[in-house]
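Participant: Structure below; questions to follow.
The values are calculated or read from the model by the stated rules, or taken from the named source; none is laboratory data. A quick note: this is a predicted structure, and the numbers were derived from the prediction, not measured. Heads up, the Cβs are rebuilt from the backbone with ideal geometry, glycines too, and the neighbour counts pull from every protein chain shown.
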Amino acid sequence: MQNFRNYYEILEVSKDASDEEIKRAYRRLARQYHPDMNLGDKSAEDRFKQLGEAYEVLSDPQRRSQYEEFSSFWKQKGFWGRGATNGRGRLSVDNLGFGEFQDFNSFVDQLLNRRREVSNPDARSRPVVAEDPYRPAKTKTAYTVQAKSSRRDAEASLTLPLEKAYTGGQERVRLEDGRSLEVNMPAAMISGQRIRLKGQGIGGGNLYLRIEVQPHAFFKFQGDDILCRVPLTPSEAALGGLIEVPTLDGLVKMNIPAGVQPGQRLRLAGKGYPIGQNRRGDQIVQIEIAVPSQLSARERELYEELRRAEISPRSDLPV
(Lines give C-alpha, C1' and ligand atoms only; values in the text may rest on other atoms or scores of the structure.)
Protein backbone atom coordinates (compact mmCIF):
# COMPACT_ATOMS: atom_id res chain seq x y z
CA MET A 1 0.00 0.00 0.00
CA GLN A 2 1.15 3.49 -0.77
CA ASN A 3 2.66 5.37 2.18
CA PHE A 4 1.91 2.63 4.72
CA ARG A 5 3.78 3.22 8.01
CA ASN A 6 4.32 0.64 10.73
CA TYR A 7 3.82 2.71 13.89
CA TYR A 8 5.13 -0.05 16.13
CA GLU A 9 8.43 -0.11 14.24
CA ILE A 10 8.60 3.69 14.30
CA LEU A 11 8.25 3.71 18.11
CA GLU A 12 10.51 0.64 18.39
CA VAL A 13 7.98 -1.35 20.43
CA SER A 14 6.28 -4.70 19.96
CA LYS A 15 2.70 -4.96 18.73
CA ASP A 16 1.50 -6.04 22.19
CA ALA A 17 3.24 -3.13 23.97
CA SER A 18 1.31 -1.60 26.86
CA ASP A 19 0.20 2.05 26.94
CA GLU A 20 2.98 2.82 29.42
CA GLU A 21 5.62 1.17 27.21
CA ILE A 22 4.41 3.20 24.23
CA LYS A 23 4.56 6.41 26.25
CA ARG A 24 8.09 5.69 27.50
CA ALA A 25 9.30 4.83 24.01
CA TYR A 26 7.81 8.02 22.57
CA ARG A 27 9.36 10.21 25.25
CA ARG A 28 12.78 8.63 24.72
CA LEU A 29 12.74 8.92 20.93
CA ALA A 30 11.13 12.37 20.90
CA ARG A 31 14.01 13.70 22.98
CA GLN A 32 16.51 12.02 20.67
CA TYR A 33 15.02 13.38 17.42
CA HIS A 34 13.65 16.72 18.65
CA PRO A 35 14.47 19.55 16.18
CA ASP A 36 16.05 21.59 18.99
CA MET A 37 18.58 18.78 19.47
CA ASN A 38 19.19 18.24 15.72
CA LEU A 39 19.39 21.71 14.20
CA GLY A 40 19.26 21.61 10.41
CA ASP A 41 18.82 17.82 10.25
CA LYS A 42 15.86 17.23 7.93
CA SER A 43 15.84 13.46 8.49
CA ALA A 44 15.60 13.97 12.27
CA GLU A 45 12.75 16.44 11.74
CA ASP A 46 10.88 13.94 9.56
CA ARG A 47 11.44 11.17 12.12
CA PHE A 48 10.15 13.46 14.90
CA LYS A 49 6.94 14.09 12.92
CA GLN A 50 6.47 10.35 12.35
CA LEU A 51 6.94 9.70 16.07
CA GLY A 52 4.25 12.26 16.90
CA GLU A 53 1.80 10.71 14.42
CA ALA A 54 2.54 7.18 15.66
CA TYR A 55 2.06 8.17 19.29
CA GLU A 56 -1.16 10.07 18.56
CA VAL A 57 -2.64 6.91 17.01
CA LEU A 58 -1.29 4.20 19.34
CA SER A 59 -1.90 6.15 22.58
CA ASP A 60 -5.64 6.25 21.87
CA PRO A 61 -7.29 2.81 22.34
CA GLN A 62 -9.98 3.39 19.69
CA ARG A 63 -7.54 4.72 17.09
CA ARG A 64 -5.09 1.93 17.85
CA SER A 65 -7.80 -0.67 17.33
CA GLN A 66 -8.83 0.86 13.99
CA TYR A 67 -5.20 1.09 12.88
CA GLU A 68 -4.56 -2.57 13.70
CA GLU A 69 -7.75 -3.61 11.88
CA PHE A 70 -6.73 -1.55 8.87
CA SER A 71 -3.20 -3.02 8.96
CA SER A 72 -4.55 -6.57 8.91
CA PHE A 73 -6.96 -5.88 6.01
CA TRP A 74 -4.99 -3.82 3.53
CA LYS A 75 -2.75 -6.71 2.37
CA GLN A 76 -5.65 -9.05 1.67
CA LYS A 77 -6.62 -9.91 -1.89
CA GLY A 78 -9.55 -7.88 -3.15
CA PHE A 79 -9.14 -5.25 -0.47
CA TRP A 80 -9.32 -2.31 -2.86
CA GLY A 81 -12.77 -1.26 -3.93
CA ARG A 82 -14.52 -3.03 -1.06
CA GLY A 83 -16.96 -1.03 0.95
CA ALA A 84 -17.90 -1.76 4.56
CA THR A 85 -21.19 -0.98 6.23
CA ASN A 86 -22.40 -1.09 9.77
CA GLY A 87 -24.92 -3.89 9.05
CA ARG A 88 -27.84 -1.56 8.35
CA GLY A 89 -26.76 -0.47 4.88
CA ARG A 90 -25.27 2.83 6.05
CA LEU A 91 -21.69 4.00 6.23
CA SER A 92 -20.36 4.73 9.70
CA VAL A 93 -17.46 7.04 10.50
CA ASP A 94 -16.19 4.54 13.09
CA ASN A 95 -16.65 1.57 10.73
CA LEU A 96 -15.85 3.15 7.36
CA GLY A 97 -14.95 0.71 4.58
CA PHE A 98 -11.19 0.61 4.29
CA GLY A 99 -11.46 0.35 0.52
CA GLU A 100 -12.73 3.92 0.44
CA PHE A 101 -9.21 5.19 1.09
CA GLN A 102 -6.92 5.65 -1.89
CA ASP A 103 -3.76 5.36 0.22
CA PHE A 104 -2.56 5.13 3.82
CA ASN A 105 -2.39 8.91 4.25
CA SER A 106 -6.10 9.19 3.47
CA PHE A 107 -6.86 6.64 6.18
CA VAL A 108 -4.71 8.48 8.77
CA ASP A 109 -6.28 11.83 7.85
CA GLN A 110 -9.70 10.31 8.52
CA LEU A 111 -8.50 8.63 11.72
CA LEU A 112 -6.97 11.84 13.14
CA ASN A 113 -9.64 14.15 11.69
CA ARG A 114 -7.06 16.00 9.63
CA ARG A 115 -7.87 18.01 6.54
CA ARG A 116 -5.92 17.94 3.30
CA GLU A 117 -6.12 20.55 0.62
CA VAL A 118 -7.72 19.33 -2.62
CA SER A 119 -7.30 20.84 -6.07
CA ASN A 120 -11.01 20.70 -6.88
CA PRO A 121 -12.89 23.09 -4.55
CA ASP A 122 -16.19 21.32 -5.22
CA ALA A 123 -14.77 18.07 -3.83
CA ARG A 124 -14.69 19.48 -0.30
CA SER A 125 -18.47 19.54 -0.02
CA ARG A 126 -19.10 16.42 -2.09
CA PRO A 127 -20.87 13.68 -0.09
CA VAL A 128 -19.43 10.19 0.22
CA VAL A 129 -21.26 7.88 -2.17
CA ALA A 130 -21.46 4.15 -1.45
CA GLU A 131 -23.52 1.30 -2.77
CA ASP A 132 -26.33 0.22 -0.51
CA PRO A 133 -26.54 -3.62 -0.56
CA TYR A 134 -30.12 -3.52 0.71
CA ARG A 135 -31.46 -1.60 -2.32
CA PRO A 136 -32.01 -2.82 -5.92
CA ALA A 137 -29.04 -2.91 -8.23
CA LYS A 138 -27.89 0.38 -9.78
CA THR A 139 -29.43 2.29 -6.89
CA LYS A 140 -27.04 4.54 -5.05
CA THR A 141 -27.71 6.46 -1.89
CA ALA A 142 -25.56 9.45 -0.92
CA TYR A 143 -24.56 10.01 2.68
CA THR A 144 -22.52 12.92 4.00
CA VAL A 145 -19.96 11.74 6.54
CA GLN A 146 -19.19 14.56 8.95
CA ALA A 147 -15.80 14.54 10.62
CA LYS A 148 -15.78 14.25 14.38
CA SER A 149 -14.38 17.19 16.28
CA SER A 150 -10.66 16.74 16.87
CA ARG A 151 -10.61 19.08 19.86
CA ARG A 152 -9.56 17.32 23.02
CA ASP A 153 -8.32 18.52 26.39
CA ALA A 154 -4.90 17.35 27.49
CA GLU A 155 -3.02 17.26 30.78
CA ALA A 156 0.68 17.56 31.58
CA SER A 157 2.67 17.64 34.83
CA LEU A 158 4.96 20.51 35.78
CA THR A 159 7.33 20.17 38.73
CA LEU A 160 8.58 23.44 40.25
CA PRO A 161 10.97 24.36 43.07
CA LEU A 162 9.25 25.92 46.08
CA GLU A 163 10.71 29.36 45.42
CA LYS A 164 9.32 29.38 41.86
CA ALA A 165 5.94 28.08 42.98
CA TYR A 166 5.82 30.89 45.56
CA THR A 167 6.78 33.79 43.27
CA GLY A 168 5.21 32.58 40.00
CA GLY A 169 6.19 34.39 36.80
CA GLN A 170 7.34 33.29 33.36
CA GLU A 171 8.19 29.61 32.96
CA ARG A 172 9.09 27.66 29.81
CA VAL A 173 7.18 24.38 29.65
CA ARG A 174 8.18 21.54 27.30
CA LEU A 175 5.33 19.18 26.45
CA GLU A 176 5.38 15.49 25.49
CA ASP A 177 4.42 16.32 21.90
CA GLY A 178 7.58 18.37 21.50
CA ARG A 179 6.06 21.83 21.85
CA SER A 180 7.63 24.45 24.08
CA LEU A 181 5.41 27.13 25.65
CA GLU A 182 6.10 30.30 27.62
CA VAL A 183 3.59 30.34 30.47
CA ASN A 184 2.89 33.16 32.92
CA MET A 185 2.47 31.20 36.16
CA PRO A 186 0.44 32.62 39.08
CA ALA A 187 2.03 33.12 42.50
CA ALA A 188 1.55 30.79 45.49
CA MET A 189 0.99 27.54 43.57
CA ILE A 190 0.54 24.28 45.49
CA SER A 191 0.88 20.59 44.63
CA GLY A 192 -2.21 19.22 42.89
CA GLN A 193 -3.26 22.62 41.53
CA ARG A 194 -4.29 22.65 37.85
CA ILE A 195 -3.70 25.59 35.54
CA ARG A 196 -5.71 25.87 32.33
CA LEU A 197 -4.04 26.99 29.10
CA LYS A 198 -6.86 27.78 26.72
CA GLY A 199 -6.52 26.42 23.19
CA GLN A 200 -3.19 24.66 23.84
CA GLY A 201 -4.58 21.13 24.01
CA ILE A 202 -5.17 18.72 21.11
CA GLY A 203 -6.82 20.30 18.09
CA GLY A 204 -7.53 23.54 19.94
CA GLY A 205 -8.75 22.00 23.19
CA ASN A 206 -7.49 23.13 26.58
CA LEU A 207 -4.24 22.09 28.19
CA TYR A 208 -4.22 21.56 31.97
CA LEU A 209 -0.90 21.80 33.79
CA ARG A 210 -0.87 19.81 37.01
CA ILE A 211 1.51 21.45 39.48
CA GLU A 212 3.89 19.52 41.71
CA VAL A 213 6.06 21.45 44.19
CA GLN A 214 9.46 19.89 44.89
CA PRO A 215 10.36 19.11 48.51
CA HIS A 216 12.63 21.80 49.97
CA ALA A 217 15.76 21.18 52.00
CA PHE A 218 14.96 23.90 54.58
CA PHE A 219 11.25 24.80 54.40
CA LYS A 220 8.59 22.16 55.13
CA PHE A 221 4.86 22.59 54.61
CA GLN A 222 2.73 22.17 57.72
CA GLY A 223 -0.75 23.00 56.50
CA ASP A 224 -0.67 26.69 55.59
CA ASP A 225 2.33 27.25 57.87
CA ILE A 226 5.96 26.67 56.97
CA LEU A 227 8.26 24.87 59.40
CA CYS A 228 12.02 25.34 59.52
CA ARG A 229 14.75 24.32 61.96
CA VAL A 230 17.24 27.00 63.02
CA PRO A 231 20.43 26.14 64.95
CA LEU A 232 21.72 28.35 67.80
CA THR A 233 25.00 28.34 69.63
CA PRO A 234 24.81 27.53 73.35
CA SER A 235 25.53 31.16 74.20
CA GLU A 236 22.79 32.43 71.81
CA ALA A 237 20.31 30.06 73.42
CA ALA A 238 21.35 31.08 76.94
CA LEU A 239 21.53 34.85 76.36
CA GLY A 240 18.91 35.33 73.64
CA GLY A 241 18.94 38.30 71.27
CA LEU A 242 18.36 39.10 67.60
CA ILE A 243 19.28 36.60 64.88
CA GLU A 244 18.57 36.46 61.13
CA VAL A 245 16.17 33.75 59.94
CA PRO A 246 15.61 32.79 56.24
CA THR A 247 12.02 33.14 54.96
CA LEU A 248 10.43 32.90 51.52
CA ASP A 249 10.77 36.69 51.36
CA GLY A 250 14.44 36.70 52.35
CA LEU A 251 16.22 37.14 55.69
CA VAL A 252 14.28 38.71 58.59
CA LYS A 253 15.41 39.56 62.12
CA MET A 254 13.87 37.50 64.94
CA ASN A 255 14.20 38.07 68.68
CA ILE A 256 15.21 34.90 70.52
CA PRO A 257 14.20 34.86 74.21
CA ALA A 258 16.95 34.12 76.74
CA GLY A 259 17.03 30.53 77.89
CA VAL A 260 15.26 29.11 74.81
CA GLN A 261 15.22 25.31 74.85
CA PRO A 262 16.05 22.74 72.12
CA GLY A 263 12.91 21.77 70.22
CA GLN A 264 11.04 24.90 71.32
CA ARG A 265 9.01 26.48 68.54
CA LEU A 266 8.80 30.20 67.88
CA ARG A 267 6.42 31.89 65.46
CA LEU A 268 6.99 34.45 62.70
CA ALA A 269 3.45 35.69 62.04
CA GLY A 270 2.43 36.13 58.41
CA LYS A 271 5.61 34.64 56.98
CA GLY A 272 4.12 31.29 55.91
CA TYR A 273 2.47 30.36 52.59
CA PRO A 274 -0.26 32.58 51.10
CA ILE A 275 -3.87 31.56 51.70
CA GLY A 276 -5.94 33.14 48.94
CA GLN A 277 -5.12 36.75 48.11
CA ASN A 278 -5.17 38.50 51.50
CA ARG A 279 -3.98 35.96 54.08
CA ARG A 280 -0.82 34.04 54.84
CA GLY A 281 0.12 31.31 57.22
CA ASP A 282 2.94 31.66 59.76
CA GLN A 283 6.52 30.48 59.73
CA ILE A 284 7.30 28.15 62.63
CA VAL A 285 10.93 28.25 63.77
CA GLN A 286 12.04 25.17 65.69
CA ILE A 287 15.15 25.75 67.80
CA GLU A 288 18.15 23.42 67.67
CA ILE A 289 21.31 23.81 69.76
CA ALA A 290 24.51 23.44 67.75
CA VAL A 291 27.22 22.07 70.05
CA PRO A 292 30.71 22.59 68.57
CA SER A 293 32.61 19.38 67.89
CA GLN A 294 36.00 21.11 67.91
CA LEU A 295 37.20 24.03 70.06
CA SER A 296 39.99 26.49 69.65
CA ALA A 297 42.29 27.07 72.62
CA ARG A 298 40.50 30.29 73.51
CA GLU A 299 37.05 28.68 73.23
CA ARG A 300 38.16 25.81 75.47
CA GLU A 301 39.45 28.27 78.04
CA LEU A 302 36.14 30.15 78.07
CA TYR A 303 34.07 26.95 78.29
CA GLU A 304 36.25 25.76 81.21
CA GLU A 305 35.64 29.04 82.98
CA LEU A 306 31.90 28.79 82.27
CA ARG A 307 31.77 25.23 83.62
CA ARG A 308 33.33 26.29 86.91
CA ALA A 309 30.79 29.10 87.26
CA GLU A 310 27.58 27.38 86.17
CA ILE A 311 25.23 25.25 88.27
CA SER A 312 24.94 21.62 87.22
CA PRO A 313 21.47 20.80 85.78
CA ARG A 314 21.74 17.35 87.41
CA SER A 315 21.94 18.60 90.97
CA ASP A 316 18.21 18.16 91.62
CA LEU A 317 17.46 14.90 89.82
CA PRO A 318 14.62 13.06 91.62
CA VAL A 319 16.65 9.93 92.36
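Participant: Looking for something in contact (Cβ under 8 Å) with a residue 24 or more places away in the chain and over 18 Å from Leu162 (Cβ atoms) - is there at least one such residue anywhere in segment 295-315?
Facilitator: Within segment 295-315, none of the residues are in contact (Cβ under 8 Å) with a residue 24 or more places away in the chain and over 18 Å from Leu162 (Cβ atoms).
Participant: Considering only segment 48-64, I want to know if a residue exists there that is more than 18 Å from Asp177 (Cβ to Cβ) and among the hydroxyl-bearing types (Ser, Thr, Tyr).
Facilitator: Looking through segment 48-64, none of the residues is more than 18 Å from Asp177 (Cβ to Cβ) and among the hydroxyl-bearing types (Ser, Thr, Tyr).
Participant: Can you pull out the residues in segment 192-206 that are modelled with pLDDT of 85 or more, in a loop (DSSP other than H, G, I, E, B) and exposed (fewer than 14 other Cβ atoms within 10 Å of the Cβ)?
Facilitator: Within segment 192-206, Gly192, Lys198, Gly199 qualify.
Participant: From the residues in segment 207-230 that are modelled with pLDDT under 90 and in a loop (DSSP other than H, G, I, E, B), which one is surrounded by the most Cβ atoms within 10 Å (Cβ to Cβ)?
Facilitator: The residue in question is Asp224.
Participant: Might you let me know whether segment 251-268 holds any residue that is touching a helix residue (DSSP H, G or I) at 6+ places or on another chain (Cβ under 7 Å), outside the structural domain of Pro186 (by TED's automatic domain parsing) and not in a loop (DSSP other than H, G, I, E, B)?
Facilitator: yes
Participant: Suppose we keep only residues that are surrounded by 13 or more Cβ atoms within 10 Å (Cβ to Cβ) and among the aliphatic types (A, V, I, L, M) within segment 254-274. Which one would you say is nearest to Ile243 (Cα to Cα)?
Facilitator: So, considering only residues that are surrounded by 13 or more Cβ atoms within 10 Å (Cβ to Cβ) and among the aliphatic types (A, V, I, L, M), the one nearest to Ile243 (Cα to Cα) is Met254.
Participant: A further question on this structure: Could you tell me whether any residue of segment 292-301 is exposed (fewer than 13 other Cβ atoms within 10 Å of the Cβ) and acidic (Asp, Glu)?
Facilitator: Yes, the conditions are met somewhere in segment 292-301.
Participant: Mind listing whichever residues of segment 176-191 are under 14 Å from the mean Cα position of the chain (by Cα) and either part of a helix (DSSP H, G or I) or at positive phi (or both)?
Facilitator: Gly178
Participant: Then there's this: Residue by residue through segment 152-175, note down the ones that are in a strand (DSSP E or B) and of a type in the set (Ser, Thr, Tyr).
Facilitator: Listed by number, the residues that qualify are Ser157, Thr159.
Participant: In segment 207-250, which residue that is of a type in the set (Ser, Thr, Tyr) and closer than 29 Å to Gly276 by Cβ is farthest from the chain's Cα centre (by Cα)?
Facilitator: Per the stated criteria, the residue is Thr247.
Participant: Of (1) of a type in the set (Val, Ile, Thr); (2) surrounded by fewer than 16 Cβ atoms within 10 Å (Cβ to Cβ); (3) at pLDDT 80 or above, Val118 satisfies all except one. Which?
Facilitator: Of everything listed in (1) of a type in the set (Val, Ile, Thr); (2) surrounded by fewer than 16 Cβ atoms within 10 Å (Cβ to Cβ); (3) at pLDDT 80 or above, Val118 misses just condition (3).
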